[in-house]
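Remarks on the structure that follows.
The values are calculated or read from the model by the stated rules, or taken from the named source; none is laboratory data. Please read these numbers as outputs of a predicted model, since none were measured by experiment. All Cβ positions, even for glycine, are placed from backbone atoms using ideal geometry, and neighbour counts span all protein chains on display. The area values use the complete protein model at the heavy-atom level, side chains included, leaving out ligands, DNA and RNA. Shrake-Rupley method; radii C 1.70, N 1.55, O 1.52, S 1.80 Å.
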Amino acid sequence: MNLGIVGAGKIVEDLLSFIHDIPTITLKAISSKPSHGEKLLSFQKKYGFTHTYSDYGKMLENDDVDTIYIGLPNHLHYSYAKEALLSGKHVICEKPFTSTLQEFLELKEISQQKELVLVEAITNQYMKNYLSMKKYLPKLGDIKIVECNYSQYSSRYEAFKAGEIHPAFNPETSGGALMDINLYNIHLVVGFFGSPKKVKYWANIERDIDTSGILLMDYGDFKCVCIGSKDSTAPNAMNIQGNKGYIHMANSANNIKCFNYALNKQAPIQVDLSDHWHRMYDEFVEFERIIKERDFEKVTNMLEHSEKVMNVLEKAKQSANLVFSSNKY
């Protein structure tokens with residue numbers, strides 16, 4: 001994979017901190033707005049990029065780049081991914097895929113017409129511990145209750161309360177707790193159980209954005225609650241309860257470090273198959289394989305999963321009367 005990166009924020013720095021551990025990924029180019037010029041040059045020097053660009057279109061003209069990673073604010077995912085696909089590049093797009101389901105469906109159609117890989121960078125779907133957890137689910141019997149809590153007091157919340165609006169708390173940039181933090185819970189649950197029958201989102205709203213909220217997903221035979229908070233914190237955890245046993249994870253849904261599995265009246269067993277220190281490592285190993293092998297069957301499966309998640313987001317936003325903007329450069 002010859003990778004071009006667009007963005008220079010924290011998620012890009014996260015990616016760069018481990019990407020050289022995957023020798024089959026070559027850093028070819030990085031692009032960001034002109035004000036990030038010095039930062040891009042420091043990235044180039046530290047990580048070995050061949051090119052830096054202040055013009056995204058110029059990077060897309062570089063034939064040495066075959067794949068674009070989009071690490072930009074949420075509302076820009078659609079427009080930058082569309083431009084990359086139309087330029088003949090494979091696309092790895094940070095979560096959430098897009099601001100709306102309609103935008104996602106358009107990107108999906110373009111990628112399939114042009115036979116290009118399009119995938120969402122969502123950590124938990126590729127983690128070894130997540131894939132292992134899936135194998136334990138049938139042992140739990142009939143699932144009854146699922147609960148996820150990912151709460152993290154945002155470093156930008158105090159500024160938000162004082163009137164300084166960062167993209168993380170801005171409806172015009174598709175910010176908020178649902179799209180940023182609760183989304184990991186949704187991916188986790190939908191990855192395990194598919195689409196729910198009903199969705200309802202109760203949100204705490206400040207200045208037209210959800211700073212925290214409780215999402216309920218009704219699966220008919222069992223119920224699920226997903227809590228996501230950027231205005232308060234608590235121990236993060238996930239529990240899946242069946243009539244024969246349970247799975248407990250004592251951390252957030254974006255980083256499945258380990259989990260406990262227990263049958264009724266038996267001692268829990270801890271499971272941990274992780275073999276790399278960074279939460280994003282497994283997904284990029286798989287993305288490289290998918291692109292190298294042109295594994296469009298896997299791409300189709302992951303796009304189907306992302307579409308289910310986008311449907312949940314649409315229903316959640318509608319139930320809470322949340323309206324987000326998009327399509328802005």
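General observations
- Residues within segment 110-141 that are under 18 Å from I70 (Cβ atoms) and out of contact with any His (no Cβ under 7 Å at 6 or more places or on another chain), tallied: 9
- Residue count for segment 43-64, restricted to those that are without any contact (Cβ under 8 Å) to a residue 40 or more places away in the chain and surrounded by fewer than 13 Cβ atoms within 10 Å (Cβ to Cβ): 8
- Test: N129 is touching a residue at least 60 places away in the same chain (Cβ under 8 Å), of a type outside the set (A, V, I, L, M, F, W, C), under 24 Å from I214 (Cβ atoms) and open to solvent by less than 40 Å² (accessible area, probe 1.4 Å): no
- All positions within segment 1-15 that are out of contact with any Lys or Arg (no Cβ under 8 Å at 6 or more places or on another chain) and either open to solvent by less than 20 Å² (accessible area, probe 1.4 Å) or without any contact (Cβ under 8 Å) to a residue 24 or more places away in the chain (or both): I5, V6, G7, K10, V12, E13, L15
- Inter-residue pairs, beta-carbon under 6 Å, first of a type in the set (D, E, K, R) and in segment 133-161, second loosely packed, with under 14 Cβ neighbours inside 10 Å, 6+ apart: D142/N243
- Of the strands (runs of 3 or more DSSP E) lying entirely inside segment 32-138, those carrying at least 1 residues that are in contact with a strand residue (DSSP E or B) (Cβ under 9 Å, 6 or more places away or on another chain) and farther than 16 Å from M1 by Cβ are 51-53, 90-94, 118-121.
- When F259, F284 are screened for being within 21 Å of the chain's Cα centre (by Cα), under 21 Å from I143 (Cα atoms) and aromatic (F, W, Y), only F259 passes.
- When residues of segment 65-94 are limited to those that are of a type in the set (D, E, K, R) and open to solvent by less than 20 Å² (accessible area, probe 1.4 Å), the one farthest from N170 (Cα to Cα): K89
- Here segment 262-308 is the region considered, the condition is being aromatic (F, W, Y) and open to solvent by 20 Å² or more (accessible area, probe 1.4 Å), and the residue that is nearest to Y201 (Cα to Cα) is Y281.
- Meets criteria (at pLDDT 95 or above, within 19 Å of the chain's Cα centre (by Cα) and aromatic (F, W, Y)) for Y150: yes
- Taken over segment 181-214, residues that are of a type outside the set (A, V, I, L, M) and either assigned to a helix (DSSP H, G or I) or over 30 Å from L140 (Cα atoms) (or both) amount to 14.
- Within segment 77-98, residues that are within 22 Å of L188 (Cα to Cα) and modelled with pLDDT under 95 reach no partner that is open to solvent by 30 Å² or more (accessible area, probe 1.4 Å) and among the polar types (S, T, N, Q) with beta carbons closer than 6 Å at six or more positions or on different chains.
- So N311, is it more than 17 Å from I186 (Cβ to Cβ), within 17 Å of the chain's Cα centre (by Cα), open to solvent by 10 Å² or more (accessible area, probe 1.4 Å) and not acidic (D, E): no
- Among the residues examined, I227 qualifies as buried (at least 16 other Cβ atoms within 10 Å of the Cβ) and in contact (Cβ under 8 Å) with a residue 60 or more places away in the chain.
- Selected residue [more than 16 Å from the chain's Cα centre (by Cα), buried (at least 16 other Cβ atoms within 10 Å of the Cβ), closer than 17 Å to Y78 by Cβ and of a type outside the set (D, E)] from L183, L107, L118, L140: L107
- Subset of segment 160-180 (residues that are buried (at least 24 other Cβ atoms within 10 Å of the Cβ), part of a helix (DSSP H, G or I) and touching a Phe, Trp or Tyr at 6+ places or on another chain (Cβ under 8 Å)): F169, L178, M179
- Segment 27-42, residues that are farther than 20 Å from E288 by Cβ and among the hydrophobic types (A, V, I, L, M, F, W, C): L40, L41
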